[in-house]
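Q: The structure that follows is given in the form of structure tokens.
The values are calculated or read from the model by the stated rules, or taken from the named source; none is laboratory data. On a predicted model such as this, the values are computed, not experimentally measured, just so you know. Positions of Cβ are backbone-derived with ideal geometry, glycine not excepted, and every protein chain shown enters the neighbour counts.
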Amino acid sequence: MSKAGRTNLILLSVLIVLLSIFFTHKNQAPVASKLTALSIDDIHTIRIVKTDDKDIIIQKTTDASAQPQWMMLQPYSHPAHDFRIQTLLSLAEYEVDRTYDTAGLSLADYGLEPPRAQLYLNDTHIAFGKTSAVNHKRYLHVASELFLLEDKIFPLVSARASSLLSLEILPSDSEIISLDLPSIKIRKLDTIHWQRIPDALSIDTMHQLLQHWKTAQAYAVHPYLTRQNTQKIQLVTEQQTYDFELYRDDSNFILALPATGIEYHLQATHGARLLGKPDA
């Protein structure tokens, strides 16, 4: 083979390699980066900044079975709404395919100076700006980068604190030892014996009533409001005493905890079961 032929062969081989590399990279999906460097499992504290009220502080603890549990510490001391907390945490690992360096940008143009809302996951600060007029995604600012994300988290960080509280009336591991209702009183005397008033209340009905309380859930939790014409309900578990105020009318069934500063709103039929009236 002539010298010119060998040279052309070498050039052809190099061209084939370059084209192979080009098309390989072209067909590869871009590697998405994450909004933060945090792992969800490593997050132990959530803080939502409130300019017109106390900051919301939620912390990861463990329950009696050593399972992770999220507790709100401020402004209420109460278990948090697990699904909504997991939604907040998901922001840490949210995959983004494009970022913008904020150097030279005016953050005020993006609603970030001051921000619409602020969230801390551990010490990582996430600021929420306005939404884009083009695609209605929301601008977020983390460290020195600007992101444009689907607007799924802002309603949670901008909502009042009570919306992040658990809807469960009692923790799932609660063991009830006494219940004082307006017309029924139940006391656990020992591991197998119970005192029931009225005496006509059957054992099966009693256990069904206690089960209704252990599994009861509200459809909403709101800040406590003082009301007239309430009734007292006391429920004692092995861990805690609950002093409820009951308010009900044709359209409301509300169990309030004045000491905690919250009230549970339940469907009327579900509330009736808590009073021993399953068919009401």
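Q: What are the pairs with Cβ atoms under 8 angstrom where one residue, in the stretch 178-191, is within 11 Å of Leu209 (Cβ to Cβ) and free of Cβ contacts under 8 Å to residues at least 60 places away in the same chain and the other, located anywhere, is aromatic (Phe, Trp, Tyr) and in a strand (DSSP E or B)? Sequence gap at least six, or different chains.
A: Ile186/Trp194
Q: Pick out the one residue from Asp199, Asp249, Asp204 that is of a type outside the set (A, V, I, L, M, F, W, C), exposed (fewer than 13 other Cβ atoms within 10 Å of the Cβ) and under 27 Å from Leu164 (Cα atoms).
A: Asp249
Q: If a residue has to be in a loop (DSSP other than H, G, I, E, B) and either closer than 15 Å to Leu181 by Cα or among the hydroxyl-bearing types (Ser, Thr, Tyr) (or both) to count, how many in the stretch 225-252 make the cut?
A: 3
Q: So in the stretch 120-142, with the set limited to residues that are in a loop (DSSP other than H, G, I, E, B) and touching a strand residue (DSSP E or B) at 6+ places or on another chain (Cβ under 8 Å), which one is surrounded by the fewest Cβ atoms within 10 Å (Cβ to Cβ)?
A: Ranking the qualifying residues of the stretch 120-142, first place goes to Asn135.
Q: Could I ask something else about it? Can you name every residue in the stretch 95-117 that is exposed (fewer than 13 other Cβ atoms within 10 Å of the Cβ) and either on the phi < 0 side of the Ramachandran plot or aliphatic (A, V, I, L, M) (or both)?
A: Glu95, Asp97, Arg98, Asp101, Ala103, Ser106, Ala108, Asp109, Glu113, Pro114
Q: Is the stretch 176-190 home to any residue that is under 27 Å from the mean Cα position of the chain (by Cα) and under 16 Å from His78 (Cα atoms)?
A: Among the residues of the stretch 176-190, not one is under 27 Å from the mean Cα position of the chain (by Cα) and under 16 Å from His78 (Cα atoms), which makes the answer no.
Q: Shifting gears a bit: Quick check on my filter: what residues within the stretch 53-93 are part of a loop (DSSP other than H, G, I, E, B), in contact with a Lys or Arg (Cβ under 7 Å, 6 or more places away or on another chain) and surrounded by 17 or more Cβ atoms within 10 Å (Cβ to Cβ)?
A: Across the stretch 53-93, the qualifying residue is only Pro75.
Q: Could we say that Phe147 is in a strand (DSSP E or B), in contact with a His (Cβ under 9 Å, 6 or more places away or on another chain), of a type outside the set (Val, Ile, Thr) and at pLDDT 95 or above here?
A: Here the answer is no, as Phe147 does not meet what is asked.
Q: Here is a check on your reading of the model: is Pro155 surrounded by 17 or more Cβ atoms within 10 Å (Cβ to Cβ) and not hydrophobic (A, V, I, L, M, F, W, C)?
A: Answer is no for this residue.
Q: Give all pairs with beta carbons closer than 8 Å in which a residue from the stretch 265-277 that is within 10 Å of His212 (Cβ to Cβ) and in a loop (DSSP other than H, G, I, E, B) meets a residue that is among the β-branched types (Val, Ile, Thr) and modelled with pLDDT of 90 or more; count only pairs at least 6 apart in sequence or on separate chains.
A: Leu275/Ile184; Gly276/Ile184; Gly276/Thr205
Q: Follow-up question, since we're still on this one. Does any residue of the stretch 197-207 turn out to be among the hydroxyl-bearing types (Ser, Thr, Tyr) and closer than 30 Å to Thr62 by Cβ?
A: Taking every residue of the stretch 197-207 in turn, none turns out to be among the hydroxyl-bearing types (Ser, Thr, Tyr) and closer than 30 Å to Thr62 by Cβ.
Q: What pairs can you find where one residue is in the stretch 46-63 and at positive phi and hydroxyl-bearing (Ser, Thr, Tyr), the other is assigned to a strand (DSSP E or B) and surrounded by 13 or more Cβ atoms within 10 Å (Cβ to Cβ), and their Cβ atoms are less than 6 Å apart, with a gap of 6+ or different chains?
A: Listed pairs, sorted by first residue: none to list.
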